[in-house]
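Input: a single structure, listed below in structure tokens.
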Amino acid sequence: MSRVLTSLFGRLIPTLAGSALPGAMALATAVAVVAGAPAPVQADEFVERANAQYKSIPPDRSSDAVLLPLLAKMQPVPAAVAKPLDAALLPATSASWSEITAWSTAQPQRDVLEGLKKVTEEMDWKKAYGFAQPYGADKTNPDIVNLGLYTELGDPATLAGAEFKFMPALTALFCLTQVEATRLQAEGKPNDALDVLIRAVYFARQLADREFFREKYFGLEMFELGLKRIRDVAYVDLRSESPKLTAENYRDAIRRLRERDGILGIDRLRLPQAAAIAADQLLSRIFDRSGQPNPEMFASTLARIGSKDRPLRIFSESAKWEGIRDLHANQAASATKLSGVFKDWETRWQMDPFSASLRLASEYQKLSKTQYASIDRIVGDISRLFEIRRTLKVEAAGTRSALALAGFRTLNGSFPPSLDATRPTFLRPQDLDLDPLDPRKQSNLRYFVPGTRMAGAGSGDTVQMTVFPEILGQKFEQFVIPIDSSQFVLFSVGPDGLPNSARRATQMTRDDNGDYVVWPSTLSLVRQRLTEQGRLKSARPVGGASPPVPSPRLQKARMSGDAASPPTPPP
């Protein structure tokens, strides 16, 4: 009987939803409830919850409304710069640069950059633009839907199956900003390059306020890349024969990159809420009235979600979930476990990053991947956001400090005796952060100039630094570079909490002999290394021919974020 009613429900809804009869939707809802299928009204409630935050952004402050129509007119991104990291690394001396410049200076791309300027002009974070596009075609401006730049939820609207159709366009935007920064610096306008990059960081920060893991993580990665590239531009200029950046340029950039009272606001970042809402919606669909997995809905629903990007896998996905169904916990236990997982994450998000409690297994880590497979499938391990937040704190503090040191050198002709000496000319007291990775919370980022007293006894005139480059999850082969007194070294103690004189730039990889080196710019060093190897002369992408979204690190994170792969049932 249930199967018959479900079939009837599928035929009735399109007719009744378009009917002028006042009781049509109520009747459709009643049929859905009897059949055990999700009621449309209930599904809308979950979507409304996911969209609730965006209602606080005024329509005239919605960056998506400005940018998406412009992005729809963009010309295809040249293959050599079709990934943001490739676009950041490719120098203006590459063989394909004339083609890339022609693309970046064409009118559709200039219009996008003007749009970016408009939505990143406001310096007060309380009044700034936000990316406010809601989830679901029926919730989005029809004109934007017709352009294909929206979030598809399917029918019925299913948050767990969200397809972010605007993501390739946003990736193209960040590729364009990287190319534009290179073009401007090559034309002797490094301050204009900094301006474009800071605006890209501002827009990335808007994306970091989105409610799905994939959106947020992508925004945070572009945030990180933007900060790295800002230091790269400063490094290339400071090391050039005729530097163009002035002390005032550095002061202005630092002002725009303020943390607590500025746009960056890393401490204002929140965990994404859509995963919890999506899982809640899912639990309302895959169980029957008795609270047990519904034989007709459990496997088919989860299989559709798991194969949305790979439709040919729907049968194998369905078989996996059929094997899991009888081992899965009931609805009440699943709901309790879901609540516990998110409460635990929220508690941890507020903890001191050096708290011993964070080393204890999280509720998610203790989760049975079979008994609560549906939760694992939708929610995933979003604790990966904890690491990238810590990385951003180092990047932001390091970028401000590095710009202050470079500005001091520009103003005075020599490097300062200490990082404190950059105050108040370049840094306000509250802008000189303590090292975010120092568990003692007593020291600023470490700074020295090779061959000087501040470098320490016996350090020599040159420091041999071994670089283990990994940028946005993409690893490059390690190399050694000599650093002399013509430049400074700025570093964090890294995740092991111990200073090691920056002899090994291991960044966020825990290493008892490594540090997180902020300056010299690792992005600049990697470009220099690739250029020496002849890998940046052609139009071939540095990272290969993989699609622009997601990055390698995001691909890894997605395996435990929105729509992670379902587990295989035990034998």
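The values are calculated or read from the model by the stated rules, or taken from the named source; none is laboratory data. Owing to the predicted nature of the structure, the values given are computational and were not obtained by experimental measurement. In this analysis, Cβ positions are derived from the backbone assuming ideal geometry, glycine residues included, and neighbour counts consider all displayed protein chains. Surface accessibility is based on the protein's heavy atoms, side chains included, excluding ligands, DNA and RNA. Shrake-Rupley method; radii C 1.70, N 1.55, O 1.52, S 1.80 Å.
Between Arg260 and Arg359, the distance separating the two model label sites (each 7 Å from Cα on the Cα→Cβ line) works out to 2.9 nm. Diagonalising the gyration tensor over the Cα atoms of region 408-501 and scaling each eigenvalue by 5 before taking the square root yields semi-axes of 23, 19, 14 Å, largest first. Partners of Lys337 within straight-line reach, counting aspartates and glutamates whose Cα lies under 19 Å from its Cα and excluding those fewer than 8 residues away in the same chain: Asp280, Asp288, Asp326, Glu346, Glu363, Asp376, Asp381, Asp562. Rounded to the nearest 20 debye, the dipole magnitude of the chain is 420 debye, with +1 charges on Lys and Arg beta carbons, -1 on Asp and Glu beta carbons, and the Cα centre as origin.
Neighbours of Phe468 by Cβ distance under 13 Å: Lys/Arg scored +1, Asp/Glu scored -1, total +1. When a 1.4 Å probe is rolled over the protein heavy atoms, the share of accessible surface on the chain that falls to carbon and sulfur comes to 53 percent. Centre-to-centre, using Cα atoms only, region 209-238 and region 45-73 are separated by 22 Å. Counted by Cβ distance under 9 Å from Pro450, the other residues give a net charge of -2, where Lys and Arg count +1 and Asp and Glu count -1. Over region 309-427, all Cα pairs binned in 5 Å intervals from 0 give whole-percent P(r) values of 2, 9, 14, 12, 10, 10, 9, 8, 7, 5, 5, 5, 4, 2, 0, listed from short to long. The aspartates and glutamates within cross-link reach of Lys73, meaning a Cα-to-Cα straight distance under 19 Å and a gap of 8 or more places when in the same chain, are Asp64, Glu99, Asp111, Glu114, Asp143, Glu180.
Charge dipole (Cα centre; +1 on Lys/Arg Cβ, -1 on Asp/Glu Cβ; no other charges) of region 188-286 amounts to roughly 60 debye. Mean sequence separation of contacting Cα pairs (under 8 Å, at least six apart), scaled by the length of the chain, corresponds to a relative contact order of 15 percent.
3J(HN,Hα) along region 379-396: 7, x, 8, 6, 5, 4, 5, 4, 5, 5, 5, 5, 4, 5, 5, 5, 4, 5 Hz, from the Karplus curve 6.51 cos²θ - 1.76 cosθ + 1.60 with θ = phi - 60°, whole Hz, x for Gly and Pro. Our helix-only sum for the chain, with -39,500 (n - 2.57) per DSSP H run of n ≥ 4 divided by its residues, gives a mean residue ellipticity at 222 nm of -14500 deg cm²/dmol. Peptide packing: for 201-207, 97-103, 446-452, the average count of neighbouring Cβ atoms within 10 Å per residue gives the ranking 201-207, 446-452, 97-103, highest mean first. Taken about its Cα centre, region 321-424 carries a charge dipole of roughly 260 debye when the Cβ of each Lys and Arg holds +1 and the Cβ of each Asp and Glu holds -1. Here's the list of lysines a cross-link from Lys475 could span, going by alpha-carbon distance under 25 Å and ignoring same-chain residues fewer than 8 apart: Lys83, Lys216, Lys228, Lys393, Lys537, Lys556. Projecting the Cα atoms of Ser418, Thr452, Gly291 onto the dipole axis of the chain, where Lys and Arg carry +1 and Asp and Glu carry -1 at the beta carbon, places Thr452 farthest toward the positive end.
Count the net charge of all other residues whose Cβ sits under 12 Å from the Cβ of Arg529, scoring Lys and Arg as +1 and Asp and Glu as -1.
So the environment of Arg529 carries a net charge of 0.
Based on alpha-carbon centroids, what's the gap between region 88-149 and region 311-352 in Å, whole number please? Between the Cα centres of region 88-149 and region 311-352 lies a distance of 36 Å. For region 244-396, the relative contact order is 25 percent, taking Cα pairs closer than 8 Å that sit 6 or more residues apart in sequence and dividing their mean separation by the residue count.
With all protein chains kept in place, the per residue accessible area of the chain amounts to 42 square angstrom at a probe of 1.4 angstrom. To the nearest 0.05, how large is the calculated FRET efficiency for Gln533 and Arg440 if R₀ is 30 Å and r is the Cβ-Cβ distance? With a Förster radius of 30 Å, E is 0.15. Region 150-207 and region 380-433 have Cα centres lying 24 Å from one another. Considering only beta bridges that DSSP places wholly inside region 348-486, some 100 percent are antiparallel. Putting +1 on Lys and Arg Cβ atoms and -1 on Asp and Glu Cβ atoms, find which of Ser524, Val112, Gln206 reaches farthest to the positive end of the dipole of the chain. Positive-most Cα among the choices belongs to Ser524.
In terms of overall dimensions, region 111-266 has a Cα radius of gyration and Dmax of 17.4, 62 angstrom.
Think of the chain as having a plus end and a minus end, set by charges on the Cβ of Lys, Arg, Asp and Glu; of Gln371, Gly514, Ala102, Gly514 sits farthest toward the positive end of this dipole.
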